[in-house]
1. Rank the residues 99, 105, 121 as a footprinting-exposure proxy: fewest other Cβ atoms within 10 Å of their Cβ go first.
2. Write down, largest first, the equivalent ellipsoid semi-axes of the stretch 106-187 in whole Å, where each equals the square root of 5 times an eigenvalue of the alpha-carbon gyration tensor.
3. For every helix of n ≥ 4 consecutive DSSP H residues, a contribution of -39,500 (n - 2.57) applies; sum these over the chain, divide by its total residues, and give [θ] at 222 nm rounded to the nearest 500 deg cm²/dmol.
4. Determine the alpha carbon to alpha carbon distance for each of 44/149; 110/151; 44/110; 53/151 and list only those over 26 Å.
5. Can you tell me the orientation of helix 21-79 relative to the chain, as the angle in degrees between its alpha-carbon axis and the longest Cα principal axis, to the nearest 10?
6. Of 111, 167, 27, which is farthest on the positive side of the dipole of the stretch 21-184, counting Cα position, with +1 on Lys and Arg Cβ, -1 on Asp and Glu Cβ, and the Cα centre as origin?
7. For the chain, list the cysteines whose Cβ sits under 4.7 Å from no other cysteine Cβ?
8. What does the convex hull of the Cα atoms come to per residue for the chain, in Å³?
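Laboratory data are not the source of any read-out in this text; all were calculated from the coordinates shown. Because the structure is predicted, anything quoted here is derived from the model rather than measured. Ideal geometry is used to build each Cβ from the backbone, glycine not excepted, and the neighbour counts take in all protein chains shown.
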Amino acid sequence: MKFKNLQPTTYNLQPKGGFTLIETIIAIFILLTSVLAPMSIASKALSTARYAKEQVTAFYLAQEGIELVRNIRENTAMSGGSAWNEGPLGSSVPSETFCYAEEGCVIDAKNLAVSSCSGGCSPLNIDSNGIYTYDMTGSSPTLFTRVIKIKKTSSTEISVLSTVSWVSSTVSGVKTFTITDNLLNWP
């Protein structure tokens, strides 16, 4: 067997199969965009849902304010006490204006206690049973403040304005929700 002379072969290796720095940066950018975009959308959705929850709570608290006035009106009328549109809600006597005053009043849902807002209305608290109250005992403060204002529109009718305001945890500025209802004298 005869061997041929083997000649050494030289190979020039050229980097043709790797990524360049620019390709790598573009790939990282695409990856980050595909991850961050859905996270941003989810964050915005959660923020919007939280604000919607605050709005619904404000609506129900404002409606409760109207119902509290209606309840006091009916209790006053049924007990044969003072005029149907006065009593615990206040009267035309300057020292007893309560809800008829420009500042309005607050009404505690637990005991129907009416307090003037002459020094500013205090925020509502929520107790361990989920009831909104002004009682500080065993309760936590909330974002919401409710002010109730009453105007006599005639001898047989009053206009009740229940306004709930809060500083939103998601949207800047003070937000308000107001409900108005007219109540009539009834026998």
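1. In increasing order of surrounding Cβ atoms, one gets 121, 105, 99.
2. 26, 17, 11
3. Working: 1 runs with 59 residues, N = 187.
My calculation for the chain gives -12000 deg cm²/dmol from helical runs alone.
4. Working: 44/149 36 Å; 110/151 24 Å; 44/110 37 Å; 53/151 31 Å.
Distance filter (> 26 Å) returns 44/149; 44/110; 53/151.
5. For helix 21-79, the angle is close to 10 degrees.
6. Checking the options against the dipole of the stretch 21-184, the answer is 27.
7. Unpaired cysteines in the chain: none, every one has a partner Cβ under 4.7 Å.
8. Hull volume over Cα atoms, normalised by residue count, gives 243 Å³.
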